[in-house]
């Protein structure tokens, strides 16, 4: 196992393992190769021949602290949820140590003006009681992830199709969807 094999990262209630891509053997969770994965209690993480079982990771459903914090989350409009999701998207990617999306990136993602995004962010800073200062977007993103309002999307391996050609959509049908 190399010194720079993988990294364990804690974000809010989640524990991730991130393969740093600097080893020949890679990182596996429960026998499957990963680039980044959220860990659950009981998962087996392997680095080449070295293995370890993850323990003590609280399940979100049963963690009183998370439930109490989640109850403290403010009421959000649908558009505010869209802004927060776009804000946190880079932080929940496969990359380590990334900054949340900028107002410009959020505007491009949601096809709105940058001024509209900045107004939403100002209201969100107030709702989440994020004081002025450096890294305000980062502090908002961290709070949102810690409250479980924005979650990492699990990586689902592509399914192999077993249907007959008549059951599968045509190329024109796939483009329309």
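Here's the yes/no breakdown for (1) surrounded by fewer than 16 Cβ atoms within 10 Å (Cβ to Cβ); (2) modelled with pLDDT under 90; (3) under 14 Å from the mean Cα position of the chain (by Cα); (4) not in a helix (DSSP H, G or I):
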residue	(1), (2), (3), (4)
73	yes, yes, no, yes
101	no, no, yes, yes
118	yes, no, no, no
173	yes, yes, no, no
Quiz item: Of the residues that make up segment 160-169, is at least one modelled with pLDDT under 90, surrounded by 13 or more Cβ atoms within 10 Å (Cβ to Cβ) and not assigned by TED's automatic domain parsing to the domain that holds residue 40?
Solution: no
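Exposed (fewer than 14 other Cβ atoms within 10 Å of the Cβ) and at pLDDT below 95: does that describe residue 86?
Working: exposed (fewer than 14 other Cβ atoms within 10 Å of the Cβ): no; at pLDDT below 95: yes.
No: the conditions fail for residue 86.
The values are calculated or read from the model by the stated rules, or taken from the named source; none is laboratory data. Values in this document were obtained by computation on a predicted structure and should not be read as measured data. Here the Cβ is made from the backbone with ideal geometry for all residues, glycine too, and neighbour counts use every protein chain on show.
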